[in-house]
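Student: Please find one structure pasted underneath; my questions will follow.
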Amino acid sequence: MKFEFMIFSFILFFMSMVVFFKTTNIIIMLMGIELMVNALNIAIANLVWIKYSFFPPVWVMIIFAITAAEAAIGLALIIVIAKRMKTLDVKKLSNIKEIFK
Amino acid sequence: MTSSSLVRWIVFAPLAGFIINFLFSRFIKKYLVSIIASLAVLLSFVFSCILFFRLKAMPSDTAISDVVFNWMNITNLNINIAFVFDRLSAIMSLVVSGVSFLIHIYSIGYMDDDSDFKRFFSYLNLFVFFMLVLVLANNILLLFVGWEGVGLCSYLLIGFWYENINNSKAGKKAFITNRVGDAFFIAGMVVIYYILSSNGFYNLDFNTINSNVSLFYNTSIFGVSSLTLIAILLFIGATGKSAQFPLYVWLPDAMAGPTPVSALIHAATMVTAGVYLVARLIPVYSASVTALNFILYISAFTAIFSAIIAITQRDIKKILAYSTISQLGYMFMGVAGGIYIGGIFHLVTHAFFKALMFLSAGAVIHALSNEQDIFNMGSLSKKLKNIFIVMGVGWLSISGFPFLSGYFSKDFIIENLYLSGHKGIWLVAVVTAFLTAFYMTRMFNIAFIKESKKELHPHRPTSVMTIPLYILAILAIISGFFINGFISFAGVNRTEEFLPLTVKYTPVVLSLLGIICGFVLTADRISDFLSTSLSWLHKIVYDKFYVDEIYDFLIIRPLGWISKTTFNIIDRVIIDRTLVEGTARAFYQGGRVSAISQNGNAQIYAVYMLFGTAIILLVYLSSVPLLNLIYWIYSNIVFAFTEIMKYI
């Protein structure tokens, strides 16, 4: 376990979290989520230095797969929202529950 | 088929009839339903006859018993579904199935134009099933099953024409009054079980109870000998079912049901269940003088009280109902005073002649299109000659006219009361015999013999209704002559004792006097004079001594008030408003409050998630002791610091 990688992971995670909370653009929020997951992935990949541990690469691959799936769904949703609402601003999308009823 | 396994088919035949008629009545034609029902009862009558002759060939103390299956076997309680066919239940099952069969046949004609014909017959079969369970039960718990079952059927059949609210009210009254008695019955059973089980007897068989009377005799509960306690509790249970004094009020109202039901359930069979119970437990009762005296006083009072009420009634079925109560009093007197079999014999003859009278009354009511007031009848002797004759047989029989069945059975009871030394009770019984003859003659005279004030156009009953009447009339005439055979069949040794001639002939003379009085006092001028001069007395008696009103004032109204109050306070306010509606309202308001936070902004949701995670983390960490936590954070910071310093 290399500590510098850990620090890097933390920094990346918090940076992307700030991005997620501060932005109003829905695509950038999705990117923030992806980045958070990637930061997590780095932390997990870092565990590979532990002796006799061969699971972390597997986890990493699983998380990659999940992230890919989630990105596909998220992007599809974003396309639908953009088509229907003609906007990507989260603040203007607060009545989404009534529109998609 | 062996004798023992035949017993169960006496019981199960009507049950099979009920199941077929109740479940598949939709697919069966109307008359086929009645034929199935009648055949089912006929089958149990035939089985009873077969077993009766087999039993007759055996020694008198043997019984054919049939264990169907083990009902429950738990710690200290082992009850079988078992039937016993001994001398007493042989008599009862013959009477029940025989009279039931005749009444089934009669009902085919009586209920012909009723829209609920099929339902009626399925209920009747269910009733016969439960009644046979009652009389053939081997243990007191199974008897109680039948006891409750006949109560249920009574309720169903009293309220048979449920479109009229008064009928369903009468059914309800019968059921609830019976429940009061049943509560005492259960209490009696509990005492029996308590004493038997503490002595190592874990079944409630009648054999066990009757052969362990000394156990009851030697123990006492609440300072009362448990024998007396059991006997009195069970007798109070019997007063409910057999319409004795405090609990008789349901029987007159029960006449709201169809007349065959009144004849079958409320005259011939079900109401005699209490008499049967006392006779069944006669070793217990005869060991307790207190209980016997209790029964005698209650039943003698009931007999004379209801006979007095019957004098003034106008409704033909009400008169017969009060007469039934009075005759049930006789049966209890017969069972409790002297030789118990006298009561059973009166039960049998009463089943014949009272069923006969009820069915004749039903035929009259049917012929006059539901006219029940005797003062609206009259001169039926010409218009309905055959009904007049059979009703006359019933009338003479119940009045104790010599050499008809009622004469033998009633005389036997009265003589034994005298011999057992209860002179006061004997006097009451004799006076009741006089009153019985009187009110029955009054009814018969007004309804059948006297000229009618109105023009009546009765239509003749069909032969399906009259043939059972003829059979019952023959039985009512001849059954009295079998008294000696009956008593010896029941295994009771009767010793002829000398009676003073005055005592021996008093009942007969008084009965004949009653008949004469009945004719004389109902003559137009005399009855007018009497009703004007004694109008206050007439009113009190006609209103049944205001017993219903007293019950209403003492029990029903306070109970209603308590129920209403507790309903308003506990049910409405505490349970409904506070607990039920309150929970719903709390969740509703809570939902409204928390709905504010759900405003549709995705970023706010993310913040909630962040806070949620923080709270979970906090809770997790708070389970770690505080000093350890501080040390953990401190060491991490130090470690991070040193690591960072390495690279700088």
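The values are calculated or read from the model by the stated rules, or taken from the named source; none is laboratory data. Since this is a predicted model, take the numbers as computed values, not measurements. Positions of Cβ are backbone-derived with ideal geometry, glycine not excepted, and every protein chain shown enters the neighbour counts.
Student: Go through the residues of the range B:438-457 one by one and say whether even a single one is closer than 18 Å to residue B:343 by Cα, under 28 Å from the mean Cα position of the chain (by Cα) and buried (at least 22 other Cβ atoms within 10 Å of the Cβ).
Tutor: no
Student: Tell me, please, whether a residue that is surrounded by 24 or more Cβ atoms within 10 Å (Cβ to Cβ) and not charged (D, E, K, R) can be found in the range B:50-69.
Tutor: no
Student: Filter the range B:176-218 for residues that are surrounded by fewer than 20 Cβ atoms within 10 Å (Cβ to Cβ), assigned to a helix (DSSP H, G or I) and among the polar types (S, T, N, Q) and give the result.
Tutor: B:197, B:198, B:207, B:208, B:210, B:211, B:214, B:218
Student: What number of residues in the range B:1-51 are touching a residue at least 24 places away in the same chain (Cβ under 8 Å) and of a type in the set (Lys, Arg)?
Tutor: 2
Student: From the set of residues in the range B:5-29 that are crowded, with 17+ Cβ neighbours inside 10 Å and polar (S, T, N, Q), which is nearest to the chain's Cα centre (by Cα)?
Tutor: Selected residue: B:21.
Student: May I ask you to verify whether residue B:260 is at pLDDT below 90 and not basic (Lys, Arg)? First the steps, then the outcome.
Tutor: Numbers: at pLDDT below 90: no; not basic (Lys, Arg): yes.
Spelling it out, it is not the case that residue B:260 is at pLDDT below 90 and not basic (Lys, Arg).
Student: Would it be correct to say that residue A:90 is among the hydrophobic types (A, V, I, L, M, F, W, C), closer than 16 Å to residue B:606 by Cβ, modelled with pLDDT under 90 and surrounded by 15 or more Cβ atoms within 10 Å (Cβ to Cβ)?
Tutor: yes
Student: Taking the range B:458-500 on its own, how many of its residues are surrounded by 13 or more Cβ atoms within 10 Å (Cβ to Cβ) and either without any contact (Cβ under 8 Å) to a residue 24 or more places away in the chain or of a type in the set (Lys, Arg) (or both)?
Tutor: 5
Student: Next up: Would a scan of the range B:77-98 turn up a residue that is assigned to a loop (DSSP other than H, G, I, E, B) and over 26 Å from residue B:353 (Cα atoms)?
Tutor: no
Student: Given (1) surrounded by 11 or more Cβ atoms within 10 Å (Cβ to Cβ); (2) within 14 Å of chain A (Cβ to nearest Cβ), where does residue B:645 come up short, assuming only one miss?
Tutor: (1)
Student: Further question: Checking the conditions here, which among A:8, A:20 is of a type in the set (Phe, Trp, Tyr) and either under 17 Å from residue A:57 (Cβ atoms) or within 15 Å of the chain's Cα centre (by Cα) (or both)?
Tutor: Result: A:20 is the single residue among A:8, A:20 that is of a type in the set (Phe, Trp, Tyr) and either under 17 Å from residue A:57 (Cβ atoms) or within 15 Å of the chain's Cα centre (by Cα) (or both).
Student: While we're here: Within the set of pairs 6 or more residues apart or between chains, which connect a residue that is away from every other protein chain (no Cβ under 12 Å) inside the range A:83-97 to a residue that is among the charged types (D, E, K, R) with Cβ atoms less than 9 Å apart?
Tutor: If the second residue must be among the charged types (D, E, K, R), the pairs left are A:85/A:92.
Student: Residues in the range B:512-526: is at least one exposed (fewer than 15 other Cβ atoms within 10 Å of the Cβ) and on the phi > 0 side of the Ramachandran plot?
Tutor: Within the range B:512-526 (the criterion being exposed (fewer than 15 other Cβ atoms within 10 Å of the Cβ) and on the phi > 0 side of the Ramachandran plot), the answer is no, since none of the residues qualifies.
Student: Being farther than 28 Å from residue B:138 by Cβ and acidic (Asp, Glu) is the filter here; which residues of the range B:74-126 pass it?
Tutor: Passing the criteria: B:112, B:113, B:114, B:116.
Student: From the list B:467, B:414, pick out the single residue that is of a type in the set (A, V, I, L, M) and more than 24 Å from residue B:518 (Cβ to Cβ).
Tutor: That would be B:467, the only listed residue that is of a type in the set (A, V, I, L, M) and more than 24 Å from residue B:518 (Cβ to Cβ).
Student: When you go through (1) within 17 Å of residue B:331 (Cα to Cα); (2) surrounded by fewer than 22 Cβ atoms within 10 Å (Cβ to Cβ); (3) among the hydrophobic types (A, V, I, L, M, F, W, C) one by one for residue B:425, which number turns out not to apply?
Tutor: (2)
Student: I'm trying to understand the selection: among the residues of the range B:600-619, which are β-branched (Val, Ile, Thr) and within 14 Å of another protein chain (Cβ to nearest Cβ)?
Tutor: B:604, B:607, B:613
Listed here are the residues, each with its yes/no results for (1) surrounded by 10 or more Cβ atoms within 10 Å (Cβ to Cβ); (2) more than 14 Å from chain A (Cβ to nearest Cβ).
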| site | (1), (2) |
| --- | --- |
| B:544 | yes, yes |
| B:572 | yes, yes |
| B:598 | yes, no |
| B:626 | no, yes |
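Student: Within the range B:425-457, can you find the residues that are part of a helix (DSSP H, G or I) and without any contact (Cβ under 8 Å) to a residue 12 or more places away in the chain? Quick ask: steps written out before the conclusion?
Tutor: Restricting attention to the range B:425-457, the residues satisfying the condition of being part of a helix (DSSP H, G or I) are B:425-449.
The answer is B:427, and nothing else.
Student: Any residue at all in the range A:8-25 that's within 11 Å of another protein chain (Cβ to nearest Cβ), surrounded by 15 or more Cβ atoms within 10 Å (Cβ to Cβ) and assigned to a helix (DSSP H, G or I)?
Tutor: Yes.
Student: While we're looking at this one, here's another question. I'd like the full set of residues that are assigned to a helix (DSSP H, G or I) and over 13 Å from the mean Cα position of the chain (by Cα), limited to the range B:150-175.
Tutor: First pass over the range B:150-175, keeping only residues assigned to a helix (DSSP H, G or I): B:150-158, B:165-175.
Those that are assigned to a helix (DSSP H, G or I) and over 13 Å from the mean Cα position of the chain (by Cα): B:165, B:166, B:167, B:168, B:169, B:170.
Student: If you don't mind, there's one more thing I want to ask. Quick check on the range B:550-560. Is at least one of its residues of a type in the set (Phe, Trp, Tyr) and either outside any helix (DSSP H, G or I) or under 30 Å from residue B:338 (Cβ atoms) (or both)? It would help to see each step written out before you state the result.
Tutor: Narrowing the range B:550-560 to residues of a type in the set (Phe, Trp, Tyr): B:551, B:553.
Pick out the ones that are also either outside any helix (DSSP H, G or I) or under 30 Å from residue B:338 (Cβ atoms) (or both) and you get none.
Checked against the condition, which is being of a type in the set (Phe, Trp, Tyr) and either outside any helix (DSSP H, G or I) or under 30 Å from residue B:338 (Cβ atoms) (or both), the range B:550-560 yields no hits at all.
Student: Right, next: If I ask for residues that are in contact with a strand residue (DSSP E or B) (Cβ under 7 Å, 6 or more places away or on another chain) and either within 25 Å of residue B:234 (Cβ to Cβ) or among the basic types (Lys, Arg) (or both), which ones from the range B:289-324 would you list?
Tutor: Matches in the range B:289-324: B:314 only.
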